[in-house]
1. Does the stretch 554-586 hold any residues that are touching a helix residue (DSSP H, G or I) at 6+ places or on another chain (Cβ under 9 Å) and open to solvent by less than 40 Å² (accessible area, probe 1.4 Å), and which are they?
2. What residue, among those in the stretch 73-101 that are in a loop (DSSP other than H, G, I, E, B) and surrounded by 15 or more Cβ atoms within 10 Å (Cβ to Cβ), is modelled with the highest pLDDT?
3. Taking residue 228 as meeting all but one of (1) at pLDDT 90 or above; (2) over 29 Å from residue 672 (Cβ atoms); (3) open to solvent by 30 Å² or more (accessible area, probe 1.4 Å), write down the number of the exception.
4. For residue 444, state whether it is closer than 30 Å to residue 660 by Cα, in a helix (DSSP H, G or I) and at pLDDT 70 or above.
5. When both residues are 6+ apart or on different chains and their Cβ atoms are under 6 Å apart, which pairs have a first residue that lies in the stretch 99-117 and is under 12 Å from residue 210 (Cβ atoms), and a second that is polar (S, T, N, Q) and surrounded by 21 or more Cβ atoms within 10 Å (Cβ to Cβ)?
6. Just the residues that are over 13 Å from residue 110 (Cβ atoms), in contact with a strand residue (DSSP E or B) (Cβ under 7 Å, 6 or more places away or on another chain) and not in a strand (DSSP E or B), please, taken from the stretch 144-180.
7. Of all the residues that make up the stretch 453-462, how many are open to solvent by 20 Å² or more (accessible area, probe 1.4 Å) and not charged (D, E, K, R)?
8. Within the stretch 746-760, work out how many residues are at pLDDT 70 or above and open to solvent by 30 Å² or more (accessible area, probe 1.4 Å).
Amino acid sequence: MTSAAAILSLGVAIGACTSAFRIIDALLLRPLPVVEPERLYALSRESIGGDGKFDTYDSWAYPAFRLMRNAVKDQAELLAISYAERTDLTYKSDQEMEKACVNYVSGWMFHTFGLRPALGRLLAEDDDLEPGTHPYAVLSYSYWARRFGKDPRVIGRTFRMGDYVYEIVGVSEAPFTGTEPGTFTDIFVPTMMNPGVTHSDWTWFRTLARLKPGVAVEAVRAQLHAVSRAFEEERAKGFAGMSKESIQRFLDQKVLLEPAGAGASGMQKDYRRSLVALGVLVALVLLIACANVANLLTAQAAARAREMALRVSIGAVRWQLVQLVLMESAWLAFLAAAVGALFAGWSAPLVVSMISPSDDPVRLSLPADWRVLGFGLALSAIVMLLFSLAPALRASAVKPASALKGGEDPHSRRRLMHALIAAQVAFCFVVLFVAGLFAATCDRLSHRPTGFSAARLLTLDTVAQRAEPPVYWDQVAERLRTVPGVESVALAGWPLLCGGSWNDAIAVNDGPPSEDAAYFLNISPGWVNAMKIPMIDGRDFRASDTYPGAAIVNESFAKRYFEGLNPVGRLFDRAGDDGQRLHFQIVGWVRDARYRNLRESMLPVAYVPFHSIDAKGALNPIREGTFIVRTSGPNPLALASILRREVAQAQRDFRVRNIRTQLEINQSHTVRERLLARLGFFFAMVALALAGVGVYGVLDYSVVQRRREIGIRMALGAQRREVLGMIIGKGMSVAGIGLVVGLGGAFALTRLLTSLLFDIKPTDLPTFADVTLLIAVVALFACWLPAYRAAKINPMEALRYE
């Protein structure tokens, strides 16, 4: 039974470590399945933001890309690869819209990567020379298998995406699913099919550089930096609306070349630090499990002292005894590794599903290949040495004469075992403290005020086949208001906190443009009420209000540009980089609401009318928008299918491409924190259980070894409560030493984690009293069981005990 518990605890710890490695490897370490991935680098830019902090971004404009590619063509090949995006497309009719993950890529990407087609042909450089002229598409192997069942007749089929009809010309070979870990690209199309290729101010793709053999990274970086600087300086000549300081800060950016053999994605940046924290937790749990098994082996070695002495007496040498114990430990490690493999196979996909939004699922390649097998074997070998080497050396150092007379001093064995228990308690304290830290951080972010009510709110991201007159959008909104269970309906450019952003400089009283930017969101009348954002003064939009013209601003906008005074009736201009100014009059003043990110402070926001007019005063047609629907029932998703159908019936060219609750959008900002909190809780419970089992095992062993001594004490008049106090006192004193050591470890690890995870605040620290009390209760219970057993010892039987 004891061995089974050791195998199980060690197996869970090994499985947790292997699971963490699988995820870390898939996201951060595993090379792309291309030729010589070590020669791949990602281009990014580092600059100082308006807040004075360094910021890094990796998006580029295509005209700049062309200049850079020509400049380094003898040293490296540059590749433009857009951010993978789930896009609406149709294979048959517009009634059958579906989503696929699409990449706009340089036509020469497949050739540069050394990839071959599984079917048909791949994109070539000739497919990527002129804007909009080659609407060809290549499917990934996984998408071809999943969507078309590997049907070879897929070549020549067409689909509509946006304004173009694309022809499928080929399927890429199996391992390649794009260059963004965490995302599997379904369809590759030429970059020239993206409307952004002709715009110098659209940054919409990453740039990868494949260096030629023998080329120095710094030389290429310096040349790319010079070309990028020259391009931006030329473009900055048109920034009539920006101050000299802003322009200079914009130009003082540095081009970086960073290794990208494992690809480049936003998930790598978002989860790198979280995975480090996860690795620290599982390593601590593994150490606790190793200490548990080491105590078990120490106890077994004590029980086998006479056996070892006999082996030495008949000629066995020390190394043979060490080898014997190590081989026995190897079997224990092997069985634990088998349990760990099962646990890792189950837990890694589970963890990935926990960080996967429903509307944009995370997809990581988690094969159980030689990398994972090699890690598992190496980890098992290290674990075996950790828990068995000290007991093996101790067992091999037995002295035959002493052992055959009754053995070595039992106090020395107990001191070793007590030291291991103190270490277990210390590690357990650190794990529980860190888990409490993660839970407090998650709770703080989850309950951070948003400024609006997300309850019973449904968002319908809607797109028209072509830009339609605003009156059509109003008709759809009116149709939705008649649906039973709908309380109110409004329109917006996008939902709050979905990540959408639109900003520009502000000018007040015909003054110069502001150094920092204000943010905008186009909304319809009734949106403020639907979102339950309190109105401080002024009025809501009317149906006659258009953009540019009227505006509703929040508190932060008034504080930033009007010194916190009532801004209703005041005027301001939206100052574009090209010097153009659009004039607005403030008609309403509302409370602050989170704009694009739950972690950001409140931003200055100007809400502007959903309907816009051109220079001649005519209403502009609208291609896409979001219907904001507040329901009367507690479950807004119950109306999802009905609302989707009503939109299509109201305007047959309108399609709802995504339906989400506002609560779901809000919770998407705390996925990382919820993941760490849940994993932290799980590992805290495992650590607590292992520490409790460890304390119980050592004290129970101590009671067995001291059975005769305890019997003598009781025969001489010791009371049972005194025996209880003696055993419990010894166990709690060892646990107390571990708590003191763990306190220092918790401080050190907290400093590390706060430097890695910027969302952790000092106010998130759990109280040491809570963690100490929890461990003390578990330790007390673990001490009480052997103590109770000791108090039940019969003195007469104990005196006969050998």
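1. 564, 567, 572, 586
2. Residues of the stretch 73-101 in a loop (DSSP other than H, G, I, E, B): 73-75, 83-84, 91-93.
Now restrict to residues that are surrounded by 15 or more Cβ atoms within 10 Å (Cβ to Cβ): 75, 83-84, 91.
Numbers: 75: 95, 83: 92, 84: 90, 91: 88.
The qualifying residue modelled with the highest pLDDT is 75.
3. Among (1) at pLDDT 90 or above; (2) over 29 Å from residue 672 (Cβ atoms); (3) open to solvent by 30 Å² or more (accessible area, probe 1.4 Å), the lone unmet condition for residue 228 is (3).
4. Values: closer than 30 Å to residue 660 by Cα: yes; in a helix (DSSP H, G or I): yes; at pLDDT 70 or above: yes.
Spelling it out, residue 444 is indeed closer than 30 Å to residue 660 by Cα, in a helix (DSSP H, G or I) and at pLDDT 70 or above.
5. 106/191
6. Within the stretch 144-180, 144, 152, 154, 155, 156, 157, 174 qualify.
7. Number of matching residues: 2.
8. Step one: filter the stretch 746-760 for residues at pLDDT 70 or above, giving 746-748.
If we keep only those that are open to solvent by 30 Å² or more (accessible area, probe 1.4 Å) too, we end up with 747-748.
Of the residues in the stretch 746-760, 2 are at pLDDT 70 or above and open to solvent by 30 Å² or more (accessible area, probe 1.4 Å).
The values are calculated or read from the model by the stated rules, or taken from the named source; none is laboratory data. Because the structure is predicted, anything quoted here is derived from the model rather than measured. Note: ideal-geometry Cβ built from the backbone for every residue, glycine included; neighbour counts use all protein chains shown. Protein only, heavy atoms only, side chains kept; ligands, DNA and RNA dropped before computing areas. Shrake-Rupley method; radii C 1.70, N 1.55, O 1.52, S 1.80 Å.
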